[in-house]
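Reviewing the structure listed below.
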Amino acid sequence: MSTKSLQLHFEGPSVRDHSILWEDLSQFVSNLDSAIQRVTNVLESGRSTRPGRPTRAFQALTALEIVSVTPGSVKVQLKLRREEERLPGFDLGEQAFASLTAGLAQIAEDGQNLVLPEGFDQGVLTALREAGRILNRGIDIVHIAPIDHLPAPAQGARYDRSVQERIVSRIRRMEQAWAEVEGRLLMVELKEGSLRCRLNPSTDVPILCSFEEEMIPAI
């Protein structure tokens, strides 16, 4: 059964002898997988994160599998696992593939644009930021090429240090737009897929907040 695929092409000094460190490969692919899931959530509900564990239907919608690994500077082909045919234009997983690639290309081409690409929010940007940590470990660039007839807007993208800096800059701008509230931290919930805390300001009603996984130690 044919479905749409992404080819990841890794280049850099740590990619040598036709090999790549598993830590680098898993860091990028696992966070890319998270980004695709979050884009799918945005397309479906307008928000990249949702409480509780993902349903089996959602997991099936976004499950990735490695199809092939090509030596040289290392190319990895990923595709969505499909057990049954889906109607053309109604597969959110495939739409997320296209939106993710097109969004990264948009960020690479116009880093100053404050409008987020379709399907993107802060949660998607955070997953992509985490994927980009391999750029500090000897990977210079990752080319992301859609194959198997993805729609025309998704013609491929790159992820290099300039793209990473633009993603980080956008996250910071979004964080700075938040209000600063001082109060007592009364409750923390660390369930999988639901990271929340409750802040009790001295002069207002309690506020329920969500936070990203990397903030757990600080919370």
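Taking all protein chains as shown and a probe of 1.4 angstrom, Met174 keeps an accessible surface of around 60 Å². Taking all C-alpha pairs of the chain, those more than 23 Å from each other amount to 50 percent.
What you get for region 7-150, charging only the Cβ of Lys and Arg (+1) and of Asp and Glu (-1), is a dipole of about 420 debye around the Cα centre.
Annotation: Val69 carries an accessible surface of approximately 90 Å², with a 1.4 Å probe and no ligand, DNA or RNA atoms counted.
Rolling a 1.4 angstrom probe over the protein heavy atoms with all chains in place gives the chain an accessible area of 57 Å² per residue. Against the main long axis of the alpha-carbon atoms of the chain, helix 161-176 sits at an angle near 20°.
Rolled with a 1.4 Å probe across the full set of protein chains, the surface gives His18 an accessible area near 130 Å². Using only Cα atoms and rounding to the nearest 10 degrees, what angle (0 to 90) does helix 122-131 make with the longest principal axis of the chain? Taking the Cα atoms of the chain, the angle to 122-131 is about 50 degrees.
The values are calculated or read from the model by the stated rules, or taken from the named source; none is laboratory data. Note that the structure is predicted; figures quoted are calculated from it, not measured. Every residue, glycine among them, receives a Cβ derived from its backbone with ideal geometry; neighbour counts consider all protein chains shown. Surface accessibility is based on the protein's heavy atoms, side chains included, excluding ligands, DNA and RNA. Shrake-Rupley method; radii C 1.70, N 1.55, O 1.52, S 1.80 Å.
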